[in-house]
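One structure is given below, encoded as structure tokens.
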Amino acid sequence: MKPAAALFAAILPLAVYAAVDIQRWYTPEGTQVLLVERHQNPIVDVQISFKGAGSAFSPEGKGEVAGFAAALLTGGTQRLDEEAFKEQADSLAAAISSDSSSEGTAVTLRSLSRPGKLKPALSLLNQALAQPRFDAAVFERIRKQSITALQQQETDPGFIAERALARLNYGSHPYGRPAQTSVDSIRRITLDDIRAFYRSRYGKNNAVVAVVGDIDRRQTEALVRQALNGLPAHSSQSGTVPAVPEHLPRQQNIPFAGEQAQIVMGMPLIKRNDPDYYALVAGNYILGGGGFDSRLMKELRDKHGYTYGASSSLEPSSEAGPLTIGFSTQKANTSAALAAARKVLADFSAEGPTEAELQQAKANITGSFPLRFDTNAKLLGYLSLIGFYNLPDDYLEAYPKAVSALTAGQVKSAWQRRVKAENMNIVVVGAEQGETEAAAGYRPIKRR
């Protein structure tokens with residue numbers, strides 16, 4: 001065990017089992033509220049998330065609608081234009097922001113806890129949620145910025161590879177909608193699309209309110225009422241994501257100038273409530289998530305010198321989120337590097353981890369876990385996650401305990417059953433002609 005890992009292991013009993021006291025309840029309208037009181041500083045952090053208001057629920061062919069709706073929430077209200085809204089927030093020393101993901105939208109407030117500051121800050125938050133302006137000039141500016149950003153990203157081989165892999169992984173499934181975004185699809189979006197999305201997706205019943213800071217339950221109940229006042233009791237549209245259908249694995253080779261080829265491999269795999277969740281997480285750390293100690297780095301970088309860095313990642317979602325492996329290499333090494341990466345994955349899925357690998361993964365995952373929520377802002381994100389995905393109240397204590405209890409056999413079993421190298425979709429951006437066309441078991445396709 002390395003010194004850092006040993007240190008984490010030494011402090012683990014104190015760090016992991018320090019329970020976070022989460023108070024959790026539902027309002028009569030169905031809003032889920034999660035509160036952690038921390039009275040050391042006179043600050044309150046609030047995040048209000050809306051299930052079913054993310055890009056997966058945007059109208060087909062208009063995947064940016066959810067993101068535009070989220071951005072415009074803080075772009076002015078019916079009472080205040082964008083500049084006046086920001087000026088009032090600044091005068092209160094409050095920060096209000098909004099963002100969207102594949103499955104939801106979140107609006108976040110940080111304010112001083114004194115009533116003279118918190119109450120007017122909540123009024124601004126309420127205006128953003130219940131009385132958005134949807135200003136035409138702000139929308140046009142955001143749309144132009146999105147087009148410019150997309151055009152710039154489309155010159156990046158990594159971005160090209162990730163979008164192509166998402167299309168192979170998800171096809172027409174809602175998780176694939178962001179990967180279908182184009183300049184034309186952005187231009188087709190109208191304010192009417194955004195208003196319709198907002199009216200159908202923002203309700204009290206699909207809201208999750210996470211609160212951390214200098215506030216008690218009674219005050220939080222009043223906060224929730226004030227923040228959500230004026231929103232409809234129920235959203236008119238469902239927030240359920242359909243299951244991800246199975247697809248035959250495919251390989252896509254995309255021409256791109258330059259000396260390097262960007263390679264990504266992936267497949268839909270992990271859910272938030274996955275019975276193999278912890279075995280997949282620990283295995284991913286060993287495969288490619290653990291930096292220089294991972295198998296991909298040792299094989300592709302240290303042994304063969306194909307790349308400066310190779311990694312793997314997991315993105316759990318309500319339905320199967322992706323397992324992704326990525327690296328870049330000299331074009332002449334594309335075929336050999338890809339074969340080596342596939343062999344690393346195949347060997348790991350067949351053999352599982354060694355006991356030493358698993359112990360190191362456990363020490364690092366569990367030892368660093370408390371650092372993920374050591375500030376109010378970090379904890380707020382985890383509270384929102386727990387509420388959004390209906391995770392248990394003791395999730396922050398159960399996670400490191402579950403990882404600590406894993407055996408090498410359990411990790412091996414999960415990866416043998418769930419992950420097969422021949423089922424991975426592959427994208428090569430910058431492939432030389434004919435370099436990877438003969439990959440066994442794959443149907444090469446051209447860039448669309």
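For the reader, a short list of remarks on this structure follows.
- Test result for ALA93, on the phi > 0 side of the Ramachandran plot and either surrounded by fewer than 19 Cβ atoms within 10 Å (Cβ to Cβ) or of a type in the set (Phe, Trp, Tyr) (or both): yes
- Pairs are defined by a Cβ separation below 6 Å, a sequence spacing of at least 6 or placement on different chains, a first member in the range 272-299 that is among the aromatic types (Phe, Trp, Tyr), and a second member that is surrounded by fewer than 20 Cβ atoms within 10 Å (Cβ to Cβ) and part of a helix (DSSP H, G or I); the pairs so defined are TYR278/ALA402.
- The range 148-198: number of residues that are of a type in the set (Asp, Glu), in contact (Cβ under 8 Å) with a residue 40 or more places away in the chain and closer than 30 Å to ALA137 by Cβ: 1
- Some residue of the range 78-88 being in contact with a strand residue (DSSP E or B) (Cβ under 8 Å, 6 or more places away or on another chain) and crowded, with 22+ Cβ neighbours inside 10 Å: no
- Of residues in the range 376-407 being charged (D, E, K, R), under 26 Å from THR108 (Cβ atoms) and over 18 Å from the mean Cα position of the chain (by Cα), the one surrounded by the fewest Cβ atoms within 10 Å (Cβ to Cβ): ASP394
- Condition broken by PHE139, with the remaining ones in (1) open to solvent by 60 Å² or more (accessible area, probe 1.4 Å); (2) touching a residue at least 24 places away in the same chain (Cβ under 8 Å); (3) within 30 Å of VAL46 (Cβ to Cβ); (4) of a type outside the set (A, V, I, L, M) satisfied: (1)
- Considering residues of the range 98-136 that are part of a strand (DSSP E or B) and in contact with a Gly (Cβ under 8 Å, 6 or more places away or on another chain) only, the residue surrounded by the fewest Cβ atoms within 10 Å (Cβ to Cβ): PRO132
- Taking the range 252-301 as the range and being under 30 Å from GLU432 (Cα atoms), open to solvent by 30 Å² or more (accessible area, probe 1.4 Å) and not in a strand (DSSP E or B) as the test, the residues that pass are PRO255, PHE256, ALA257, GLY258, GLU259, GLY289, GLY291, PHE292, ARG295, LYS298, GLU299, ARG301.
- Positions within the range 331-374 being of a type in the set (D, E, K, R) and either at pLDDT below 95 or farther than 30 Å from GLN252 by Cβ (or both), in sequence order: GLU355, GLU357, LYS362, ARG372, ASP374
- Looking across the range 52-77, just one residue is assigned to a loop (DSSP other than H, G, I, E, B), in contact with a strand residue (DSSP E or B) (Cβ under 8 Å, 6 or more places away or on another chain) and open to solvent by 10 Å² or more (accessible area, probe 1.4 Å), and that is THR74.
- When residues of the range 393-414 are limited to those that are assigned to a helix (DSSP H, G or I) and β-branched (Val, Ile, Thr), the one nearest to PHE369 (Cα to Cα): VAL403
- Residues of the range 225-238 that are closer than 12 Å to GLY30 by Cβ and either part of a helix (DSSP H, G or I) or not aliphatic (A, V, I, L, M) (or both): LEU228, PRO232, HIS234, SER235.
The values are calculated or read from the model by the stated rules, or taken from the named source; none is laboratory data. Just so we're clear, the structure is a prediction, and the values are computed from it rather than from any experiment. Neighbour counts run over all protein chains shown; Cβ positions are idealised from the backbone, glycine included. Only protein heavy atoms, including side chains, enter the accessible area calculation; ligands, DNA and RNA are left aside. Shrake-Rupley method; radii C 1.70, N 1.55, O 1.52, S 1.80 Å.
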